[in-house]
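Enquirer: Next up is a structure, given as structure tokens.
The values are calculated or read from the model by the stated rules, or taken from the named source; none is laboratory data. What you see is a predicted model; the values in this text were computed from it and never measured. As a convention, Cβ positions derive from the backbone with ideal geometry for all residues, glycine included, and neighbour counts pool all protein chains shown. Quick note on the areas: whole protein, heavy atoms, side chains included, nothing else; ligands and nucleic acids left out. Shrake-Rupley method; radii C 1.70, N 1.55, O 1.52, S 1.80 Å.
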Amino acid sequence: MSTELQYKLIKSDQLLTDFVYCYSSLENLSGFNEGVIIPNGKIDLLFCKTTGNQFQIILMGLETKPKPMPKRKIDTFFAISFNPLALEYILHQSISELVDSGKELPDNFWDFSISDLDNFELFCKKANQKIQSLLPKEIDERKRKLFNLIFETDGEISVKELAEKIVWNERQINRYFNKQLGISLKYYCKILRFQASLHHIKDGNLFPQLNFADQSHFIKEIKKLSGVSPKELFKNQNDRFLQFLVYHTQ
């Protein structure tokens with residue numbers, strides 16, 4: 001049996017793309033000591049198996065800065081990475097109180113158990129079926145369009161332009177973001193631009209490919225959200241930036 005860190009990613013079904021970004025897994029984490037969590041703009045629901053064979057389900061809030069992995073004795077976790085619309089329409093809760101933190105959910109949440117962590121593909125199938133059963137009959141089209149525009153532009157769109165395009169007051173948009181996510185729309189867009197930059201950094205493009213003011217601004221923003229320079233992030237020494245690996249294996 002391999003003891004190397006193993007990671008996988010499966011994109012969600014087309015039917016769920018408004019709500020689910022992907023499913024991912026990390027296995028053989030018990031010997032991994034230097035992991036760094038970086039902001040990804042997603043709401044992660046983690047299904048974890050500890051080295052003592054205990055089962056935990058953790059709902060994570062948005063990360064706004066880099067931080068070391070928690071010192072939990074986790075060997076394996078499978079994750080559902082939700083887009084923000086899922087908070088209101090699938091999970092039916094806000095994560096405004098969970099910025100840079102998380103909370104444990106009941107260990108029978110959605111009828112999952114530790115045995116579901118034996119097979120990642122079957123886990124994804126079960127999660128797909130559960131989320132499909134929770135799909136809303138109706139959705140506020142302003143909110144759907146809001147997130148579509150933000151994602152399509154990698155966060156490079158102003159609050160003013162968004163408000164004009166979806167005919168929704170700027171103040172109301174920011175109130176919605178703070179209520180649901182605990183951060184402003186402007187900061188959320190900054191995280192999305194950072195995430196979009198990772199694709200380019202992984203390919204060795206260490207100069208801004210997106211709308212940063214200049215090289216200095218680019219380096220400053222990358223350091224703020226990853227803790228290191230673009231050059232260090234590109235090297236990803238010891239695979240410590242886990243999300244950098246998982247979200248860009250495709």
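Enquirer: Please work out the C-alpha center-to-center distance from the stretch 155-183 to the stretch 90-109 and express it in whole Å.
Expert: The stretch 155-183 and the stretch 90-109 have Cα centres separated by 23 Å.
Enquirer: Suppose only helical runs count, i.e. DSSP H with n ≥ 4. What mean residue ellipticity at 222 nm does that imply for the chain under -39500 (n - 2.57) per run, divided by all residues and rounded to the nearest 500 deg cm²/dmol? Walk me through the numbers on the way to the answer.
Expert: Values: 8 runs with 86 residues, N = 250.
The per-residue figure over the chain is -10500 deg cm²/dmol.
Enquirer: Right, something else. Taking a probe of 1.4 Å, how large is the accessible area per residue of the chain, in Å²? List each step's numbers first, then the result.
Expert: Numbers: 12590 Å² over 250 residues.
It amounts to 50 Å² per residue over the chain.
Enquirer: Taking H as built 1.01 Å from N, whose amide H comes closer than 5 Å to the amide H of residue 74, not counting residues under 5 places away?
Expert: Amide H neighbours of residue 74: 51.
Enquirer: Which entry in [x] 185; [y] 124; [z] 109 matches volume of the Cα convex hull per residue in Å³ derived from the coordinates of this structure?
Expert: Comparing each candidate, only [y] matches the computed number.
Enquirer: Another question, if that's okay. For the chain, build the charge dipole from Cβ charges (+1 Lys, Arg; -1 Asp, Glu) around the Cα centre, then report which of 98, 14, 55 sits farthest towards its positive end.
Expert: 98
Enquirer: Starting from the Cα of residue 93, step 7 Å along the direction of its Cβ; do the same at residue 231; then give the gap between the two resulting points in nm.
Expert: 4.4 nm
Enquirer: Next question, about the same structure. Given a 1.4 Å probe and heavy atoms of the protein chains only, how would you sort 17, 76, largest accessible area at the top? All intermediate terms of the calculation are to be shown ahead of the outcome.
Expert: Working: 17 60, 76 5 Å².
The ranking, largest first, comes out as 17, 76.
Enquirer: I'd like the accessible area for residue 187, computed on protein heavy atoms only with a 1.4 Å probe and all protein chains in place. Round to 10 Å², please.
Expert: Accessible area of residue 187: about 50 Å².
Enquirer: Which residue fluctuates the most in the chain, going by a Gaussian network model with Cα springs under 10 Å, if the choices are 81, 229, 133?
Expert: 133
Enquirer: May I pose another question? Counting only protein heavy atoms and a 1.4 Å probe, tell me what percentage of the stretch 72-194's accessible area is made up of carbon and sulfur.
Expert: Numbers: 2860 of 6320 Å².
The value for the stretch 72-194 is 45 percent carbon and sulfur by accessible area.
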